[in-house]
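Peer 1: I have a structure here, written as structure tokens, and I will follow up with some questions on it.
The values are calculated or read from the model by the stated rules, or taken from the named source; none is laboratory data. Please read all numbers here as calculations on a predicted model, not as lab measurements. Here the Cβ positions follow ideal geometry from the backbone for every residue, glycine too, while neighbour counts run over all protein chains shown.
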Amino acid sequence: MSELIAAVLMVGGTVFMFVAAVGLLRLPDLYTRMHAVTKAGTLGVGLLLLSAAVAFGSVSVTAQALTALLFVLLTAPVSAHMIGRAGYLGDAALWEHTVFDHWEGEHETLRREGEEVPNQADVQASNANDPPASAT
């Protein structure tokens, strides 16, 4: 019976990993690709680790599989968030059918790690010193 459960978990994990790979290849922009790989990939890896725990049945393998699963569940959302933020700050293009942008207009207030926050008075002074753009 445990072999059947392990096989079902393994097939399920493989299907989710395949869906993540297809999503990576087929989706239009960084953000949707990142979403597909993070969600489906995490579930796929989780099912594969659970299938290993069920198939081997020993306490040590189960503990290792659950530890690895906990690590994946804790790090995948954080890494996806950091990749998405880096893509946004690096001006990765949004898909043309994107409906809304939560950070639109606030992009200037966001900063990369290590960058200093510009003083508002300095920004206004530098803008006042810039020559006006000529109309062509």
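Peer 1: Every residue in region 6-33 that is surrounded by fewer than 17 Cβ atoms within 10 Å (Cβ to Cβ), assigned to a helix (DSSP H, G or I) and among the hydrophobic types (A, V, I, L, M, F, W, C), please.
Peer 2: Correct list: 7, 8, 11, 15, 18, 21, 22, 24, 25.
Peer 1: Still on this structure: Which residue is surrounded by the fewest Cβ atoms within 10 Å (Cβ to Cβ), if the candidates are limited to region 72-81 and must be of a type in the set (A, V, I, L, M, F, W, C) and touching a residue at least 12 places away in the same chain (Cβ under 8 Å)?
Peer 2: If we take residues in region 72-81 being of a type in the set (A, V, I, L, M, F, W, C) and touching a residue at least 12 places away in the same chain (Cβ under 8 Å), then 73 is surrounded by the fewest Cβ atoms within 10 Å (Cβ to Cβ).
Peer 1: While we're looking at this one, here's another question. So which residues in region 38-83 are hydroxyl-bearing (Ser, Thr, Tyr) and in contact with a Ser or Thr (Cβ under 9 Å, 6 or more places away or on another chain)?
Peer 2: The answer is 38, 79.
Peer 1: Further question on the same structure: Mind listing whichever residues of region 42-71 are β-branched (Val, Ile, Thr), surrounded by fewer than 18 Cβ atoms within 10 Å (Cβ to Cβ) and closer than 20 Å to residue 10 by Cβ?
Peer 2: Residues satisfying the conditions are 61, 62, 67.
Matching residues to (1) surrounded by 11 or more Cβ atoms within 10 Å (Cβ to Cβ); (2) under 30 Å from residue 11 (Cβ atoms); (3) β-branched (Val, Ile, Thr); (4) at pLDDT 95 or above:
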{"position": "35", "(1), (2), (3), (4)": "yes, yes, no, no"}
{"position": "39", "(1), (2), (3), (4)": "yes, yes, no, no"}
{"position": "83", "(1), (2), (3), (4)": "yes, yes, yes, no"}
{"position": "96", "(1), (2), (3), (4)": "no, no, no, no"}
